[in-house]
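The values are calculated or read from the model by the stated rules, or taken from the named source; none is laboratory data. All values reported here derive from a predicted model rather than from experimental measurement. Every residue, glycine among them, receives a Cβ derived from its backbone with ideal geometry; neighbour counts consider all protein chains shown. In case anyone asks, the SASA skips ligands and DNA or RNA and just uses the protein heavy atoms, side chains included. Shrake-Rupley method; radii C 1.70, N 1.55, O 1.52, S 1.80 Å.
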Amino acid sequence: MNAKILFIEKELAPILKKLNGHSLYKTLTSVKDIKVFMESHVYAVWDFMSLLKALQINLTTVAIPWVPKKNSNLVRFINEITVAEESDIDKDGNCKSHFEMYLDAMKDMDADTGAVLAFTNQITNIHSVQTALENSSELEAVKNFVGYTFEVIKANKPHEIAAAFTFGREDIIPEMFLKIVAEASVNSSENYDNFLYYLNRHIELDGDEHGPLSLQMIEELCQDDQEKWNEVLVVAKAALQVRIDLWSGIEKQLLQPKEQLV
């Protein structure tokens, strides 16, 4: 593996350890807790698509006249992920984005989708993520998470976008989610099929090919430019930190007295 990639992974190890050992995971002990989690996490499901689209714009040809890009492996990689994220097949055989599949799961579990739908409707009408965030009543941690994603996109540096995508979007759906929801589905009349499908679909798509290609994308974009490698590390650390802050914000909400959550 590239020595610079190894250095970045070594530098990120402490913050990844902090993320993977976050106390939020111990707080999520019931389906009710997962519903609260989903109502905030859905924004991360949504903004991932804009991060991916920014890479698609930079690494593939989306303009006319078309001309081939230098690295066709990266073109295929980004396009394959885009197809899976934007038009995957749900459990009933319908084409849907993963965001829409997540919303279906939330509805089945009686989690509130009103806030995030109001947010996306505002964006459609006013074309401003920042204004929609300011108008939202979501947790500050949610606003900061989405805000940082769009800061990276707005800077329009492909290697920084790739850094947030590769290092900042780790697999954050622990197997405990599957266990909690699977047990609940046996002992309840509520429908968790869509959420179980969503979780299993992500596990299925997170194959051995995507990791190496993500790192190849970083190498291709940075090459021998040390300044770019430095910026990749800065963005990767910041992206992981806002994820930790998001988890802390959700945990704080879960630990509030029940009357404050009504």
Check your understanding: Residue by residue, what Karplus-based ³J(HN,Hα) values in Hz, rounded to whole numbers, does the stretch 83-98 have, using 6.51, -1.76 and 1.60 with θ = phi - 60° and x for Gly and Pro?
Key -> 4, 5, 7, 9, 8, 6, 9, 7, 5, 9, x, 9, 7, 8, 6, 5
Check your understanding: Using Cα atoms only, what is the angle between the long axis of helix 158-167 and the major principal axis of the chain, expressed in degrees (0 to 90) to the nearest 10?
Key -> 40 degrees
Check your understanding: Which shape class, rounded, prolate or oblate, goes with the chain when its Cα gyration tensor gives a ≥ b ≥ c as root eigenvalues, a/c under 1.5 marks rounded, and past that a/b bigger than b/c marks prolate?
Key -> prolate
**Study point:** Whole-Hz couplings from phi, Karplus 6.51/-1.76/1.60, listed for the stretch 124-141; x for Gly and Pro
**Key:** 4, 7, 10, 6, 9, 5, 4, 5, 5, 5, 4, 7, 7, 9, 5, 4, 4, 5
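Treat every Asp and Glu Cβ in the stretch 42-159 as -1 and every Lys and Arg Cβ as +1, leave all other atoms uncharged, and give the resulting dipole magnitude about the Cα centre to the nearest 20 debye. Write out the running numbers ahead of the final one.
Working: 10 positive and 16 negative charges, 169 e Å.
For the stretch 42-159, the charge dipole is close to 800 debye.
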Revision key, fill the gap. Mean-square fluctuation maximum in Gaussian network of the chain, Cα pairs under 10 Å, restricted to LYS228, LYS107, LYS17, hits LYS17
**Study point:** Inter-centroid distance (Cα atoms) of the stretch 10-87 relative to the stretch 232-258, Å
**Key:** 16 Å
Study note, to complete from the structure: With +1 at each Lys and Arg Cβ and -1 at each Asp and Glu Cβ, the charge dipole magnitude of the stretch 191-257 around its Cα centre, to the nearest 20 debye, comes out at 500 debye
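Filter the cross-link list LYS10/LYS237; LYS32/LYS252; LYS53/LYS91; LYS4/LYS69 down to pairs whose alpha-carbon distance in this structure exceeds 19 Å. Working shown, then result.
Numbers: LYS10/LYS237 12 Å; LYS32/LYS252 15 Å; LYS53/LYS91 25 Å; LYS4/LYS69 24 Å.
In this structure, LYS53/LYS91; LYS4/LYS69 exceed 19 Å between Cα atoms.
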**Study point:** chymotrypsin sites (Phe, Trp or Tyr not before Pro) restricted to the stretch 41-104 and DSSP loop, no more than 14 other C-beta within 10 Å
**Key:** TRP66
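Leaving ligands, DNA and RNA out of it, report the carbon-plus-sulfur percent of the accessible area of the chain at a 1.4 Å probe. Don't skip to the end; give the middle numbers.
Details: 6960 of 13610 Å².
Whole-percent figure for carbon plus sulfur exposure: 51.
Only four residue types carry charge here, +1 at the Cβ of Lys and Arg and -1 at the Cβ of Asp and Glu. Report the dipole size of the stretch 1-86 about the Cα centre in Debye, rounded to the nearest 20. Provide the component values of the computation, followed by the final result.
Values: 11 positive and 8 negative charges, 57 e Å.
It works out to roughly 280 debye.
In terms of the Cα gyration tensor, with a ≥ b ≥ c the square roots of its eigenvalues, is the stretch 1-95 rounded because a/c is under 1.5, prolate because a/b exceeds b/c, or oblate?
Details: a/c = 2.94, a/b = 1.32, b/c = 2.22.
Oblate is the answer for the stretch 1-95, as a/c is 1.5 or above yet b/c matches or exceeds a/b.
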Review point. Of GLN130, THR113, ASN230, which is farthest on the positive side of the dipole of the chain, counting Cα position, with +1 on Lys and Arg Cβ, -1 on Asp and Glu Cβ, and the Cα centre as origin?
Key: ASN230
**Study point:** Karplus 3J(HN,Hα) series, Hz, for the stretch 40-51 with 6.51 cos²θ - 1.76 cosθ + 1.60 (x for Gly, Pro)
**Key:** 9, 5, 4, 5, 6, 5, 5, 6, 4, 5, 5, 4
Exercise for review: Could you point to the residue in LEU199, LEU16, VAL75 farthest towards the positive end of the chain's charge dipole, with +1 and -1 charges on the Cβ of Lys/Arg and Asp/Glu respectively?
Suggested key: LEU16
Study note, to complete from the structure: Mean accessible area per residue over the chain (1.4 angstrom probe, all protein chains present, square angstrom) is 52 Å²
